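Inspection log for the structure reproduced underneath, given as C-alpha cells.
Please treat every number below as a calculation from the coordinates, not as lab data. The shown structure was predicted, so the numbers you read here are calculated from the model rather than taken from an experiment. No Cβ is skipped: glycine too gets one built from the backbone with ideal geometry, and neighbour counts run over all protein chains shown.
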Amino acid sequence: MTNLSPAYVEGTTVLSQERLTEDVYRLTVATTTGGAPGQFYMVRAWEREPLLARPLSVHSVDEDTVSFLYQVRGRGTELLAHLEQGGTVALTGPLGHGFHTEELCGRIAIVTGGIGIAPMFCLARTLPSGDVTVIAGFKSAPYAVAQFVNLGVDVRIATEDGCDGTRGFCTEIFDPHIYDMVVTCGPMSMMARVAHLCAEASVPCQASLEAHMACGVGACLVCSCATVLGNQRVCADGPVFDATEVIWHA
C-alpha cells in the first residue's frame, strides 16, 4: 500500500490550463510536493465561497509540477475552470492511500469510466507499458487517451453514442479472464460491475472511489463508504480499496 505522505499546505502558481472538452480541463501547477498514483489534493482557488476545497486526484507528476484532470460539476470546479496561467491556487496534499503498485504485475487492465481516467495516467507511467491495457468508457468523444498511446499502452475505447471505438459501455469490452490484475475508477455502478466480473474470474481488483469530501484528512467522516471491515473513510483509508472489501450498492 502507498503510505500516507506528509500533507503540505501551500499557495502555488498555475502553469497551464487546458480545455480538453466542453467541461473537462487539465490544470498544471508548480509544486514539488509530488504525489503517488491514486493520491489526491484538496484544491481551492477562492477566498470565501464555496466554503470547501475540492478533491482532485493526481493526474501526472513531474519534478516541479503536478497536473489535475477534472470535470466541471458545480460551483467549485467552475471557479477552477476560470483559472489562467499565472493564477494562484491553494493546495493541501498529497493525501490518501494510492494504488498498491507493488502488487501490480503480469497483465494489467486499467478500466475507467468518464473522468475516472484522471488518476490512471500517473499510474500507467509507473508500469511496464507492454503489460498494460486501458479500457476507457465515455458518453461521447473520448479525452485524455492519446497520452496513454504515447506511452505504448494498448488503449480500447467504448462510447455510449458510438462516435469512437465500440458502441456501449467499457464493461462490455472488458474480459477479466485475460488479465492478472485490474484497477478501476469511474461511476460507482461501473466499478461495481467491474468488481463483480473480477470476483467471478478470481482476478484481484483495486478500485479508486470517488466521494464528496469536506476535510480530506478523515476528520469529518463525510466521505465514509461501506465495506466488509465497517465504514471506511474514502479520503484517509482510501481512496483506493480492494474491490472485494467494498459493499457495492449499484
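Some notes on this structure:
- Checking every one of the GluC sites (Glu not before Pro) in the range 73-177 against DSSP loop status and a limit of 10 other Cβ atoms within 10 Å picks out Glu84.
- Mean separation of Cα contacts under 8 Å (6+ apart) over length of the range 8-95, as relative contact order %: 42 percent
- Take the Cα of Glu18, step 7 Å toward its Cβ, do the same at Ala141, and the gap between the two points is 1.5 nm.
- Between amide H atoms placed 1.01 Å from N, distances below 5 Å from Thr227 occur with Gln232, Ile247, all of them 5 or more places distant or on a separate chain.
- When the range 101-242 is described by a simple charge dipole with +1 on each Lys and Arg Cβ and -1 on each Asp and Glu Cβ, the residue from Ser129, Gly218, Gly230 located farthest towards its positive end is Gly218.
- Computed over the chain: relative contact order in percent, which uses C-alpha pairs under 8 Å that are six or more apart: 18 percent
- Within the range 101-175, the trypsin sites (Lys or Arg not before Pro) that combine a DSSP coil assignment with at most 16 other C-beta atoms in a 10 angstrom radius are Arg107, Arg125, Lys139.
- Residues in the range 196-225 that a label on Leu52 would reach, taking backbone N under 18 Å of a point 7 Å out along Cα→Cβ: 209-225
- Angle of helix 188-201 to the longest C-alpha principal axis of the chain, folded into 0 to 90 degrees and rounded to 10: 40°.
- The helix-only estimate of mean residue ellipticity at 222 nm for the chain, built from DSSP H runs of length n ≥ 4 each weighted as -39500 (n - 2.57), is -3500 deg cm²/dmol after division by the residue total.
- Label corresponding to Rg and Dmax of the Cα atoms in Å when calculated from the structure given, among (i) 17.8, 55; (ii) 18.4, 59; (iii) 17.1, 50: (iii)
- Taking every alpha-carbon pair under 8 Å whose residues sit at least 6 apart, the range 177-222 reaches a relative contact order of 41 percent.
- The gain in end-to-end length when the Glu103 to Leu151 segment is fully stretched comes to 15.2 nm, 0.36 nm per residue minus the alpha carbon separation.
- Rounded to the nearest 20 debye, dipole of the range 70-127 from Cβ charges on Lys, Arg, Asp, Glu: 120 debye
- Here the simple spin-label model places points 7 Å from the Cα toward Cβ, and for Glu172 and Ser189 these points are separated by 1.4 nm.
- Between the range 92-133 and the range 221-237, the Cα center-to-center distance that results, in Å: 21 Å
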